[in-house]
Amino acid sequence: GQQLNQSPQSMFIQEGEDVSMNCTSSSIFNTWLWYKQDPGEGPVLLIALYKAGELTSNGRLTAQFGITRKDSFLNISASIPSDVGIYFCAGRSGNQFYFGTGTSLTVIP
Amino acid sequence: DAGITQSPRHKVTETGTPVTLRCHQTENHRYMYWYRQDPGHGLRLIHYSYGVKDTDKGEVSDGYSVSRSKTEDFLLTLESATSSQTSVYFCAISEWDRGRDQAFFGQGTRLTVV
């Protein structure tokens, strides 16, 4: 399967700090998606990106579709305790979605 | 809530027994997927379907089969469960609408094979 490299694997930050994470691939994707997963729950879609260079926001979250179409970035501004969870990137190629291994975010109050 | 229901939510079964997991959607989406999630591996595709009776294998399909006899239901069967199939299984649905597509997940089924 196609490999998505997501980094960092984990982050421990103070409440109020900004967060950045990214995802890179060896292949081109037509769609990039970002998800958040809480313990015991399924991933929930945060942001969807469809064009190279596209920058999309959802509240304090901003994501970008890389120009090369092989990477994507997610930023969270002014983190709060409920941002805790695992964040996954996903890329679509053909009929399939491929997922990164996740970034575990811990926010320290 | 994307209208996806997985059943059961939890199951414990013995090695060698067959197990069927069900995914039901109310969105009439064409694409349905089964993933397994394991620590260190993220979400890996088992099988997917692109229509009634149309299915294809993903990267970890060995030991699994699927069926889709109706648009709304996608069944995943472990023909003879093994301990390596202990995992959390997620169903997802997707539709392409004017060049835009998104995948939505169910709440997962935690399967333990003892």
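Nothing in this text is a laboratory measurement; each read-out follows from the coordinates by a stated rule. These figures come from a predicted structure and were not determined experimentally. Here Cβ is always computed from backbone atoms with ideal geometry, including for glycine, and neighbour counts include all displayed protein chains.
Summary table
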{"read-out": "Cβ-derived FRET efficiency at R0 25 Å, residue A:54 paired with residue B:96, nearest 0.05", "value": "0.90"}
{"read-out": "Chain B, relative contact order in percent, only Cα pairs under 8 angstrom and at least six apart counted", "value": "35"}
{"read-out": "q = 0.11, 0.16, 0.18 Å⁻¹, the range A:30-109: log10 I(q)/I(0) [Debye, one scatterer per Cα]", "value": "-0.28, -0.59, -0.73"}
{"read-out": "Whole-percent pair-distance distribution, where bins are 10 Å wide, for the alpha carbons of the protein assembly as shown", "value": "8, 34, 35, 19, 4, 0"}
{"read-out": "Count of lysine pairs in the protein assembly as shown with Cα separation under 30 Å (8 or more residues apart, or interchain)", "value": "13"}
{"read-out": "Cα-projected label distance for residue B:30 with residue B:112, points at 7 Å along beta-carbon direction, nm", "value": "4.1"}
{"read-out": "³J(HN,Hα), Karplus 6.51/-1.76/1.60, whole Hz, each residue of the range B:102-114, x for Gly, Pro", "value": "9, 10, 10, 10, x, 8, x, 10, 8, 10, 10, 10, 10"}
{"read-out": "Pairwise label distance in nanometres, residue B:11 with residue A:26, each label 7 Å out on the Cα-Cβ vector", "value": "3.5"}
{"read-out": "Square roots of five times the Cα gyration tensor eigenvalues for the range B:34-112, Å", "value": "22, 15, 11"}
{"read-out": "Selected from A:31, A:82, A:95, residue furthest toward positive end of dipole (chain A; charges at beta carbon)", "value": "A:95"}
{"read-out": "Antiparallel DSSP beta bridges within chain B, percent to nearest 5", "value": "90"}
{"read-out": "Loop-located GluC sites (Glu not before Pro) in the range B:1-73 whose Cβ has at most 16 other Cβ within 10 Å (DSSP)", "value": "B:14, B:27, B:59"}
{"read-out": "Using θ = phi - 60° and Karplus 6.51 cos²θ - 1.76 cosθ + 1.60, couplings along the range A:24-38 (whole Hz; Gly, Pro as x)", "value": "10, 9, 7, 10, 7, 10, 8, 9, 10, 10, 10, 10, 10, 10, 8"}
